[in-house]
Amino acid sequence: MDKVQIKKLCFSYGDEPVLNNLNLTLGSERPVLLLGKSGIGKTTLLRLLLGFLKPDSGQISGIAPETRISVMYQEDRLFPQMTVYNNLRLIKKDLSRKRAGELLEELGLTERVLDKLPAELSGGMRRRAALARCLIFPSQIVLMDEPFQGLDAENREICLKAVKKYTSGRPTLIISHEPSDAEALGAEIVRMEEISESSR
């Protein structure tokens, strides 16, 4: 998967336009860090890319029904009745415990977390477990909605490095409020106000 192309994308909730003639390209060379104020349509764009919403008009090319997409939402969405390890294995059934532990360590967590239920973890730990689940999925495209929210500076830096490593070579869109993340990710900064006429 080399490129996802979004051209003249329009979407409204009823009579309220959210996206108007939005144009954006996601390439495999480096991720896109999408910035914009709350309510401007960033999460709506993610839902359109996932196929949860249908555009009023415009075109999304490079995503087919069989395309595998890794996604991380603003909510952690871990299954509460399953351990972290079993949450990860839902995404990658052949994931060994050793490999799962190595990934958690790259995100600043210990292997012991694998046996914990989400309710037994702090908010920051749950966030990183959800990030691990997103990164371990063998997808062709990666979409992330505020993946680093709630993390302190040290863990944010650790996770930025892991995201850069694991998303390399795949079209990746990361929604954020932090322009400073771009340097650590090697990302292109795109501002929502500049790619959608309705945002101006």
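The values are calculated or read from the model by the stated rules, or taken from the named source; none is laboratory data. Here the structure is a predicted model, which is why all the values come from computation and not from measurement. Here Cβ is always computed from backbone atoms with ideal geometry, including for glycine, and neighbour counts include all displayed protein chains. Surface accessibility is based on the protein's heavy atoms, side chains included, excluding ligands, DNA and RNA. Shrake-Rupley method; radii C 1.70, N 1.55, O 1.52, S 1.80 Å.
Residue 60 meets all of the listed conditions (1) modelled with pLDDT of 95 or more; (2) of a type outside the set (Lys, Arg); (3) outside any strand (DSSP E or B); (4) open to solvent by less than 60 Å² (accessible area, probe 1.4 Å) but one, namely (3). Within region 21-42, the set of residues being open to solvent by 40 Å² or more (accessible area, probe 1.4 Å), out of contact with any helix residue (DSSP H, G or I) (no Cβ under 9 Å at 6 or more places or on another chain) and either over 18 Å from residue 62 (Cα atoms) or of a type in the set (A, V, I, L, M, F, W, C) (or both) comprises 38, 39. For region 58-98, the tally of residues that are touching a helix residue (DSSP H, G or I) at 6+ places or on another chain (Cβ under 7 Å), farther than 12 Å from residue 129 by Cα and of a type in the set (Ser, Thr, Tyr) stands at 1. Restricting region 183-200 to residues that are open to solvent by less than 70 Å² (accessible area, probe 1.4 Å) and farther than 25 Å from residue 9 by Cα leaves a set whose member that is nearest to the chain's Cα centre (by Cα) is 185.
For (1) among the aliphatic types (A, V, I, L, M); (2) in contact with a Lys or Arg (Cβ under 7 Å, 6 or more places away or on another chain); (3) under 13 Å from residue 166 (Cβ atoms); (4) open to solvent by 50 Å² or more (accessible area, probe 1.4 Å), each residue gets a yes or a no:
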site	(1), (2), (3), (4)
72	yes, no, yes, no
81	no, no, no, yes
84	yes, yes, no, no
89	no, no, no, yes
124	no, no, no, no
130	yes, yes, no, no
